[in-house]
Amino acid sequence: MKPYDALIIGGGASGLIAACALSRNGRRIVVLEKQNRVGRKLLSTGNGRCNFTNLNASPKDYHGSRQAVQQALKAWPPKKVMAFFESIGIPAFADEEGRVYPLSGQAASLLDALRLYADEQGVETITEFAVDSLKPGKWGFTAKAEDGRAVQAKCALVCTGGLAAPKLGACGDGYRILESLGHRINPKFPAIAALKTPPEPVRGLKGIRAAAEIALVCAEEVLRTERGEVLFAESGISGIAAMQLARCFGEAQRAGKKCAARINFLPEGVDALNWLKERRRLLPKRSMEDFLNGIVQKRLGQSLVKAAGIEPLSRTAESLTKAELSALAGVLSGWTVPVTGVQGFDQAQVTAGGADLKDFDVRSMQSLKVPGLFAAGEVLDVDGDCGGFNLQWAWASAMVACEAMEQMM
């Protein structure tokens with residue numbers, strides 16, 4: 001069989017947009033996907049709504065190689081990505097935070113648009129093709145499957161994703177493929193994942209949500225702070241604000257540091273002690289069981305009162321000593337819970353670490369080790385915060401690679 005112009009390993013976000021872009025002008029493109037269908041992880045993004053980019057994306061929203069991010073965002077900024085999707089039938093809208101969604105509000109719409117456009121352009125998609133090896137040769141690249149099937153192409157794009165969400169197909173094959181061709185793989189760990197804590201501090205709080213500021217602290221040094229929703233789990237803290245701290249914790253853990261989460265349940269700028277003094281003046285007969293009612297959920301309020309060392313809960317607000325009121329103010333504005341770990345890749349949204357971008361020309365995403373080999377998306381050592389930033393990287397890095405690959409066809 002005549003070799004393809006390009007082979008794409010991985011039918012996720014990067015692979016699908018690359019197939020659509022490269023197939024224009026009659027080029028022969030093949031997508032090799034290990035699963036029985038493409039784009040499974042896309043369907044779960046944005047709680048099924050597909051937050052596919054963010055108008056406010058900038059290098060500060062990313063970790064890993066920010067130089068690569070800067071190049072990709074300059075070449076393919078969010079509005080250019082939106083224009084591409086408009087051209088394949090996906091109009092979009094942005095919310096007040098800059099998060100961009102398909103107008104339909106459905107991830108399936110975006111996935112269908114990519115699939116349909118690729119089909120219309122003649123892209124061949126081979127599912128259940130688990131790439132065992134990728135080898136460069138005189139005429140390009142040969143990808144061999146575990147069952148012996150082989151596909152040849154002039155150039156190759158590796159965009160297999162990372163290790164996050166294995167139930168949706170993540171397996172890390174891309175790391176193995178790139179490493180076999182001489183690329184360095186930086187340590188990988190979960191990002192955008194729930195924090196694990198000892199069970200005792202959060203006992204009885206499962207399912208409770210609260211608007212809060214949460215900081216990751218190490219020996220009183222604040223490593224990162226987020227404000228938003230926190231959600232208490234059976235033995236940990238979830239919610240977007242807490243999950244944003246997972247990457248930072250992973251770095252600290254690898255450095256041998258011990259961390260804790262410090263949670264402020266009060267609005268920004270509120271003096272906790274003065275606020276509680278006024279509350280006690282207004283509600284002197286209120287029992288401590290209900291004293292924080294209206295500030296936080298009742299069970300959470302009772303846990304905070306106990307954490308401040310105030311018992312029994314039948315006591316009234318007017319009975320609080322100066323020291324007890326100060327202790328309660330400290331807990332309400334800075335409840336500190338040890339962090340023992342983060343949820344694994346099975347619960348994480350993205351992978352931190354990956355193929356070292358020092359082995360790639362970030363202007364083209366072409367390998368510096370193997371000419372004609374490109375990589376894009378989560379397989380590379382770039383990960384973004386929650387809010388559409390990771391998909392923006394997936395699209396932009398793939399399109400940068402495509403523009404360089406077109407010159408080789």
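Only the coordinates and a few stated rules stand behind these numbers; no lab work does. Because the structure is predicted, anything quoted here is derived from the model rather than measured. When we count neighbours, we look across all protein chains shown, and the Cβ atoms used for this are built from the backbone with ideal geometry, even at glycine.
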Quiz item: Expressed in nm to one decimal, what extension gain is obtained for the pair A255 and W139 from 0.36 nm per residue of sequence separation less their Cα-Cα distance?
Solution: 37.2 nm
Quiz item: Tell me, in nm to one decimal, what length is gained between R149 and E221 on full extension, where the rule is 0.36 nm per residue of separation less the Cα-Cα distance?
Solution: 20.5 nm
Exercise. Could you pull out every one of the aspartates and glutamates with an alpha carbon less than 17 Å from that of K2, ignoring same-chain neighbours closer than 8 positions?
Key: E124
Quiz item: In a shell of Cβ-Cβ distance under 12 Å around G294, excluding G294 itself, what net charge do Lys and Arg (+1) and Asp and Glu (-1) give?
Solution: +2
Quiz item: What's the local net charge at Q244, with K and R +1, D and E -1, over the other residues with C-beta under 9 Å away?
Solution: 0
Quiz prompt | Label-point separation in nm, S58 to I295, each point 7 Å along Cα→Cβ | solution = 3.5 nm
Practice problem: Express the relative contact order of segment 195-342 as a whole percentage, based on alpha carbon pairs under 8 Å and six or more residues apart in sequence. | Solution: 29 percent
Quiz item: Of V370, V230, V31, which is the most mobile in a GNM of the chain whose springs link Cα atoms less than 10 angstrom apart?
Solution: V370
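I'd like the FRET efficiency for R209 and E406, computed as 1/(1 + (r/R0)^6) with the beta carbon distance as r and R0 of 41 Å, rounded to 0.05.
For R209 and E406, the calculated efficiency is 0.30.
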Quiz item: Modelled label-to-label distance, E234 and D132, 7 Å Cα→beta-carbon offset: nm?
Solution: 4.1 nm
Exercise. Run the quick spin-label model on R176 and L282: label points 7 Å from Cα toward the beta carbon, then report their separation in nm to one decimal.
Key: 6.2 nm
Quiz item: How would you rank 276-286, 140-150, 46-56, highest first, on the average number of other Cβ atoms within 10 Å across their residues?
Solution: 46-56, 140-150, 276-286
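Using 0.36 nm per residue, how much length does the chain from D356 to A83 gain when fully extended, once their Cα-Cα distance is taken away?
The span from D356 to A83 would gain 95.3 nm if fully extended.
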Quiz item: Cα-based Rg of the chain per 2.2 N^0.38 Å, rounded to two decimals?
Solution: 1.15
Quiz item: Summing Lys, Arg as +1 and Asp, Glu as -1, what charge do residues with Cβ under 12 Å from the Cβ of D356 carry, D356 excluded?
Solution: +1
Quiz prompt | Estimated [θ] at 222 nm from DSSP helical runs (n ≥ 4, -39500 (n - 2.57)) normalised by residues in the chain, nearest 500 | solution = -8500 deg cm²/dmol
Quiz item: Using the Cα gyration tensor of segment 74-220, with a ≥ b ≥ c the square roots of its eigenvalues, what is the shape: rounded (a/c below 1.5), prolate (a/b larger than b/c) or oblate (neither)?
Solution: oblate
Practice problem: Mind jotting down the distance between the C-alpha centroids of segment 228-299 and segment 160-214, whole Å? | Solution: 23 Å
Practice problem: Determine the alpha carbon to alpha carbon distance for each of K74/K369; K135/K358; K80/K188; K285/K322; K154/K188 and list only those over 23 Å. | Solution: K74/K369; K80/K188; K154/K188
Quiz prompt | ³J(HN,Hα), Karplus 6.51/-1.76/1.60, whole Hz, each residue of segment 376-387, x for Gly, Pro | solution = 7, x, 5, 5, 8, 7, 9, 9, x, 6, 6, x
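Output the relative contact order of the chain, whole-number percent, from Cα pairs under 8 angstrom with separation of 6+ residues.
Relative contact order of the chain: 23 percent.
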